[in-house]
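The values are calculated or read from the model by the stated rules, or taken from the named source; none is laboratory data. These numbers were taken from a predicted model, which means no experiment stands behind them. Ideal geometry is used to build each Cβ from the backbone, glycine not excepted, and the neighbour counts take in all protein chains shown.
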Amino acid sequence: METLEYHELVQRYYGSRLEIHGNLKTSASCMSPSTPIPQSTFDALRLVHPSVCKKYSGCGLVVPEKLQGCKVLDLGSGSGRDCFILSKLVGQSGHVIGIDMTAELILASRKYVQYHQQKYGYEKPNTIFVQGYIEKLNETGIQSGSLDVLVSNCAMCLCPDKKPVLREAFRVLKEGGELYFSDIYSSKAVPEHLKQDPVLWGEGLSGALYWRDLISLVHEVGFSTPYLLTASHIIVHNSELQKKASGITHTSATYRLFKLPKNRKQSDAVVAYKGTVPDHPDLLKFDMYHCFETDIEVSVDAEMAAVLQHSRFSSDFSIQSSDKPAPSPKCSCHLNNPFLLADNLKLHSKPSTKIGNTEEPVGKYDTTN
């Protein structure tokens, strides 16, 4: 299939057929959080209109820390659920843009903008929804270097070419800006014949990026190392889909990437977290390896030091250059490999993804799926 054909397939799959989330042939809710959801995020999530939540079909929860006043773009906004959570967290002074290729989803999301404005007590809306392609943000008028944070929730796996998505994300971010995203990854490159299957593609399985290719792509574009936050094995229960995808396994995983200044000076550093990020007074879990306790000095490598120094977290850390090399992680494979991390977290024994089965686990965080 050509790119246009893939787009049309996704628009049909997630457009008129998606009256509610359960109408998907497979369940697309992929991941439970590895740590408790911060209270402010959970409170915002509970305020989202129930009709919006019913149409949600992402994977994971793409809500990074410290968003007050930020300009945020959601790549593949779907039902708008994540946008409305972000709308509450950025506050009246912040701004949220949701972009999606599917007209039905954009129109449905726009219907609830005023509802959430009033729910949050804002004088004016701080959220807009734009129909467009996440590979072609330039066509939507989004300016280079204009955004603080980009999020994406199981959207990249629906794009036939991932590199333009990452390239455009890099372009529109400010220096120090972050791409925080959850997506589906495969254990090896997906054969071309599987990419022709409409159900496998619509569910994000045959369009999933081989996880090692993600690492090379983000570096080619110019992003920092991908920092892995959490991962969960995807279990395929439908026997027909199992047969088609035989030999390939999938995980859903959340990564964060940063756009760092080109001419920055880099050196290892000793840093101490000040405990000032909202909802994280004692500990900031930056990724699966970097967990910063308040007022505890730790050594970090040059790139992590640059991330902390140039991102929106700069005021939350004291940073001192150090000649002492930062310690290597006990298991460096966990930094990037979502399959090993999923094994380590033992989430595969109680999966939150049931592809081919519309029943989903019941729990504190599942009321929004």
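Scan the stretch 310-333 residue by residue and report those that are at pLDDT 95 or above and of a type in the set (Gly, Ala, Ser). If the condition is that a residue be at pLDDT 95 or above and of a type in the set (Gly, Ala, Ser), then Ser311, Ser314, Ser315, Ser318 are the ones that fit.
For every residue, the table says whether it meets (1) under 28 Å from Lys285 (Cα atoms); (2) among the hydroxyl-bearing types (Ser, Thr, Tyr); (3) surrounded by 21 or more Cβ atoms within 10 Å (Cβ to Cβ).
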residue: Gln196; (1), (2), (3): no, no, no
residue: Val199; (1), (2), (3): no, no, no
residue: Leu205; (1), (2), (3): no, no, yes
residue: His233; (1), (2), (3): yes, no, yes
residue: Lys243; (1), (2), (3): no, no, no
residue: Thr254; (1), (2), (3): yes, yes, yes
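What do you reckon, is Ile248 of a type in the set (Val, Ile, Thr) and out of contact with any Ser or Thr (no Cβ under 6 Å at 6 or more places or on another chain)? Taking the combined requirement at face value, the residue does not satisfy it. Only one entry in Glu104, Glu123 is surrounded by fewer than 16 Cβ atoms within 10 Å (Cβ to Cβ) and out of contact with any His (no Cβ under 9 Å at 6 or more places or on another chain), namely Glu123.
Looking across Asp287, Asp268, one residue alone is in contact with a helix residue (DSSP H, G or I) (Cβ under 6 Å, 6 or more places away or on another chain), in contact (Cβ under 8 Å) with a residue 12 or more places away in the chain and among the acidic types (Asp, Glu). It is Asp268.
Restricting Leu107, Leu61, Leu86, Leu73 to those that are in a loop (DSSP other than H, G, I, E, B) and hydrophobic (A, V, I, L, M, F, W, C) reduces the list to Leu61.
Residue by residue through the stretch 295-312, note down the ones that are of a type in the set (Asp, Glu) and more than 13 Å from Pro261 (Cα to Cα). Within the stretch 295-312, Asp295, Glu297, Asp301 meet the criteria. It is to be established whether one or more residues within the stretch 43-57 are assigned to a loop (DSSP other than H, G, I, E, B), under 24 Å from Lys285 (Cα atoms) and not aromatic (Phe, Trp, Tyr). Among the residues of the stretch 43-57, not one is assigned to a loop (DSSP other than H, G, I, E, B), under 24 Å from Lys285 (Cα atoms) and not aromatic (Phe, Trp, Tyr), which makes the answer no.
What about Glu168, is it out of contact with any Gly (no Cβ under 7 Å at 6 or more places or on another chain) and acidic (Asp, Glu)? It is true that Glu168 is out of contact with any Gly (no Cβ under 7 Å at 6 or more places or on another chain) and acidic (Asp, Glu). On the given criteria, is His116 surrounded by 18 or more Cβ atoms within 10 Å (Cβ to Cβ), within 28 Å of Asp287 (Cβ to Cβ) and not aliphatic (A, V, I, L, M)? Against the criterion (surrounded by 18 or more Cβ atoms within 10 Å (Cβ to Cβ), within 28 Å of Asp287 (Cβ to Cβ) and not aliphatic (A, V, I, L, M)), His116 does not qualify.
A Cβ distance below 7 Å, combined with a sequence gap of six or more or placement on separate chains, defines the contacts here; from the stretch 155-181, residues that are more than 15 Å from Gly76 (Cα to Cα) reach residues that are hydroxyl-bearing (Ser, Thr, Tyr) and crowded, with 23+ Cβ neighbours inside 10 Å in the pairs Gly176/Ser311; Glu178/Ser311.
Yes/no per residue for (1) farther than 20 Å from Phe258 by Cα; (2) buried (at least 17 other Cβ atoms within 10 Å of the Cβ):
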{"site": "Phe84", "(1), (2)": "yes, yes"}
{"site": "Ser93", "(1), (2)": "yes, no"}
{"site": "Lys111", "(1), (2)": "yes, no"}
{"site": "Glu135", "(1), (2)": "no, yes"}
{"site": "Asp161", "(1), (2)": "yes, no"}
